[in-house]
Amino acid sequence: MVWRWTLKRIAVDVGGTFTDFTIQDELSGELLIAKQLTTPEDPSIGVMKEIDRLVKEQKIDLKEVSQVIHGTTFPSNLIIERKGKNIFLITTKGFKDVLEIARIKRYDLYDLFIDKPVPLIPRRLIHEVTERMAYDGTVLIPLGENEARGVISELVNLGAESIAICLLHSYANSIHERMLKKIIEDEFPGIYVSLSSEVSANHKEYERTSTTVANAYLMKGVAHYIKNLKEQFEKRGFDKTVYIMQSNGGIAASVTMEKFPVHMVESGPAAGAQLSASFGKTLHMENLLSFEMGGTTAKICPIVKGEPKITDEFEIEKIKLRSGSGLPINIPAIDMIEIGAGGGSIARVDMGLLIVGPDSAGAMPGPMCYGTGGLEPTVTDANLALGYLNPDFFAGGEMKLDLEASEAGIRNKIARPLGYSVEQAAWGIYEVVTANMARATRVMTIERGYDPRNFVLIAFGGAGPMHGARVAKAVGIKKLVIPIFAGVASALGMLITDPKFHFSRTYITKLNRNIMSKMKEIYQDLEGLGLENLNRCGAVGTFRFFKSCDMRYFGQGHEINIPVLEEDISPSGAEMLKTKFNEEYRRNYGYVDERAELEIVTFKLTAVCLRPKVELKMGSDKPKGTGPKKGERKIYIPEERGFQACPVYDRDKLYQGFEATGPAVVEERTSSTIIFPGDSLEVDGLGNLMITLHEREKSGI
């Protein structure tokens with residue numbers, strides 16, 4: 001079973017616990033996969049260590065590699081851990097408190113002690129300039145050059161290393177922001193600068209300011225990280241472009257991401273969602289739930305009608321999964337939810353309750369079974385104690401797991417305080433983390449108007465195949481897919497991802513036939529930007545441009561996105577757009593107001609280079625000689641309240657048409673799949689595990 005591509009490329013996905021690698025060789029058609037513990041102090045150390053090993057063992061010449069694609073959690077970690085220093089903001093006089101005020105909307109109406117998101121920079125690092133722009137771009141108060149120089153000099157004297165500039169209504173006219181940027185670049189060239197008109201040219205001052213500050217917050221750290229990574233590859237003979245996975249599901253040249261690192265915040269998870277969408281099309285499944293569970297977090301993303309939804313309302317550090325509780329990042333990103341639920345999630349007893357996550361043991365010190373200094377039991381320890389992991393075949397046998405350490409940790413930290421046996425406590429950890437992920441799944445389906453029972457769950461990541469069945473059953477899903485190379489699926493997804501860029505322009509106007517010429521003009525400008533960026537990153541393939549606009553009823557404060565076709569930009573286009581809006585509004589909210597006036601708020605365009613698609617080789621025929629069964633072992637079956645012996649299958653030896661009924665375990669180098677009693681497995685022509693789920697009596701500990 002191999003994955004074929006016309007070019008030889010390398011994809012690297014840096015996660016919180018493991019770094020995943022895929023190397024595609026165009027001559028042999030072979031796909032090499034590998035995992036390496038992430039090095040938190042400097043992720044590039046772990047990346048290059050494994051690259052060196054693979055290059056040596058497989059006799060790969062990096063000069064022959066055409067492309068390196070990289071996804072990383074590094075930017076999101078910088079924000080979560082608040083590691084940025086000496087970042088300042090310049091804003092319009094009178095708007096210094098935008099970040100502190102945030103939004104009036106409360107994400108929890110009944111919590112009297114609600115906390116708003118803490119801004120990335122404190123109020124004392126925000127400085128003002130006298131200027132004013134109207135919503136339509138008219139200059140009301142010009143920016144004084146002397147005052148601008150004085151403010152900038154003051155920031156430099158205070159030690160500024162990165163400056164965010166967000167002026168009122170600069171999305172309509174950016175002349176003042178560009179004036180400030182020019183002064184900085186001319187007189188203080190070593191300082192990083194982020195303009196809101198370049199990072200997020202949209203209305204909504206709080207979200208735009210937060211996004212611009214986040215970009216400035218990341219610029220120095222990400223620039224150094226990317227520069228170091230490129231230098232390490234260059235030393236080894238690779239002198240071509242390093243591409244970075246973006247949050248929107250596309251790739252871009254690293255030089256672009258150095259300027260706009262905020263687009264990397266959901267870098268790795270976006271690749272997993274893209275892979276799920278690709279598999280959905282191949283398997284003729286339009287509606288899928290992409291479920292990735294790695295070592296640190298779990299990510300859930302709905303794939304509707306074959307595509308992941310793109311949202312502009314992305315948030316970091318949400319509280320209790322509530323919308324409006326996190327830091328808003330107003331960039332195009334695949335609509336997904338990420339929670340602290342992974343193999344490294346730490347279990348503990350707090351006031352008599354079993355809590356799992358969101359904190360993680362990460363790569364260091366790691367779970368107790370790693371033997372690298374971990375002192376707290378984790379989800380991985382629980383899976384090992386339940387028999388779901390093979391201590392001698394973790395990461396293909398490259399890491400040996402310490403079962404006794406896991407059992408001791410669970411016994412001392414969880415079982416004794418709760419009065420349970422070790423296996424009951426381990427199952428409790430498994431069940432709690434699964435319930436957390438099921439809750440997040442409901443947020444991404446039911447709260448968005450989708451019935452999860454109409455979806456197929458596709459589970460991947462190192463821990464996803466062990467928990468996928470229980471998450472699916474918890475929300476009523478009957479079909480589970482474990483894709484090939486499930487343990488490194490996000491890295492694999494980078495190999496099928498196209499160069500992609502999103503552009504938008506806020507222009508608030510009522511919908512009528514008179515605005516069609518202006519609409520055409522705006523889309524022509526955005527298309528020019530898209531063409532420029534695709535050419536800049538060296539994209540080769542078919543260029544496509546997809547248009548849409550954000551619309552709302554006149555007087556509303558929130559919009560919904562409506563696709564725009566060429567025929568919609570015509571004298572009769574207003575009526576066609578109205579019909580589309582009403583259909584989508586009814587789907588979301590159950591009713592429409594046919595008499596209400598409609599308003600267009602923001603025009604959007606996606607520029608993408610469609611390259612030759614990946615072809616999957618059909619699964620292998622039934623092998624001769626040794627079959628796929630590699631032995632037996634006991635796994636915990638909650639319905640039986642104990643362990644039960646079951647067959648263990650080698651996934652590399654499974655063949656098209658192979659069938660099995662649970663309980664069973666399917667092992668591969670990078671993950672293990674648990675098939676519970678009553679569930680049935682069939683291997684399809686691509687080597688995917690197709691699992692049909694059946695209801696049994698509810699489990700208990």
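Structure notes:
- Net charge, Asp20 excluded, C-beta distance under 12 Å - Lys, Arg +1, Asp, Glu -1: -1
- DSSP-defined antiparallel bridges as percent of all bridges, the chain, nearest 5: 75
- Close amide H contacts of Asn330 (hydrogens built in the peptide plane, cut-off under 5 Å, sequence separation of 5 or more or a different chain): Thr211.
- For segment 345-424, the Kirkwood hydrodynamic radius comes to 12.5 Å, computed from all pairs of different C-alpha atoms.
- Net charge of neighbours whose Cβ lies under 13 Å from the Cβ of Asn77, counting Lys and Arg as +1 and Asp and Glu as -1: -4
- Shape category assigned to segment 80-222 from the gyration tensor of Cα positions, a/c cut at 1.5: oblate
- Length released on extending from Ala596 to Gln232, taking residue separation times 0.36 nm less the Cα-Cα span: 125.1 nm
- Karplus (6.51, -1.76, 1.60) ³J(HN,Hα), θ = phi - 60°, over segment 368-381, in Hz, Gly and Pro reported as x: 4, 5, 6, x, 10, x, x, 10, 10, x, 10, 4, 4, 4
- Among Leu275, Gly344, Ile226 - extreme Cα towards positive end, dipole of the chain, charges at beta-carbon: Leu275
- Inter-site label distance for Met576 and Lys63 at 7 Å from Cα along Cβ, in nm: 5.4
- The order of the peptides 481-492, 37-48 by mean Cβ neighbours within 10 Å, most packed first, is 481-492, 37-48.
- Overall dimensions of the chain, expressed as equivalent-ellipsoid semi-axes from the Cα gyration tensor (√(5λ), whole Å, largest first), are 43, 28, 27.
- Euclidean distance of C-alpha centroids, segment 125-167 and segment 350-367, integer Å: 44
- Here segment 500-610 is treated as a Stokes sphere of Kirkwood radius computed over C-alpha pairs; at 25 °C and 0.890 mPa s its diffusion coefficient rounds to 167 µm²/s.
- Per-selection Kirkwood Rh - segment 82-157 (Cα, Å, 1 d.p.): 14.9
- 25 Å Cα-Cα threshold exceeded, pairs from Lys105/Lys547; Lys93/Lys204; Lys93/Lys181; Lys56/Lys235: Lys105/Lys547
- Extended-chain gain in nm, criterion 0.36 nm per residue less alpha-carbon gap, Gln556 and Lys520: 10.5 nm
- Per-pair calculated FRET efficiency, R0 = 51 Å: Lys85 and Thr282 via Cβ, rounded to 0.05: 0.65
- Protection-proxy order for peptides 638-649, 51-62, each taking the mean of Cβ atoms within 10 Å per residue, highest first: 638-649, 51-62
- Protection proxy ranking, peptides 464-471, 125-132, average beta carbon neighbours within 10 Å, highest first: 464-471, 125-132
- Phi angles across segment 469-482 convert, under the Karplus curve 6.51 cos²θ - 1.76 cosθ + 1.60 with θ = phi - 60°, into 3J(HN,Hα) values of 4, 6, 5, 4, 5, 5, 10, x, 7, 9, 10, 10, 10, 10 Hz, Gly and Pro given as x.
- Think of segment 500-610 as having a plus end and a minus end, set by charges on the Cβ of Lys, Arg, Asp and Glu; of Pro563, Ala539, Thr602, Ala539 sits farthest toward the positive end of this dipole.
- Put a plus charge on the Cβ of each Lys and Arg, a minus charge on the Cβ of each Asp and Glu, and nothing anywhere else: the dipole of the chain about its Cα centre is then about 380 debye.
- Relative to the dominant Cα principal axis of the chain, helix 573-589 is inclined by about 40°.
- Between helix 43-58 and the chain: long-axis angle, C-alpha atoms, 0 to 90°, nearest 10: 50
- At an R0 of 41 angstrom, the distance between the Cβ atoms of Phe188 and Asn535 translates into a FRET efficiency of 0.85.
- P(r) tail fraction, segment 434-533 - alpha-carbon pairs more than 21 Å apart, %: 59
Here, each number is a calculation from the coordinates, and none is a lab measurement. Bear in mind the structure is a predicted one, so any value in this text is a computation, not a measurement. Positions of Cβ are generated from backbone atoms using ideal geometry, with glycine treated the same way; all protein chains shown enter the neighbour counts.
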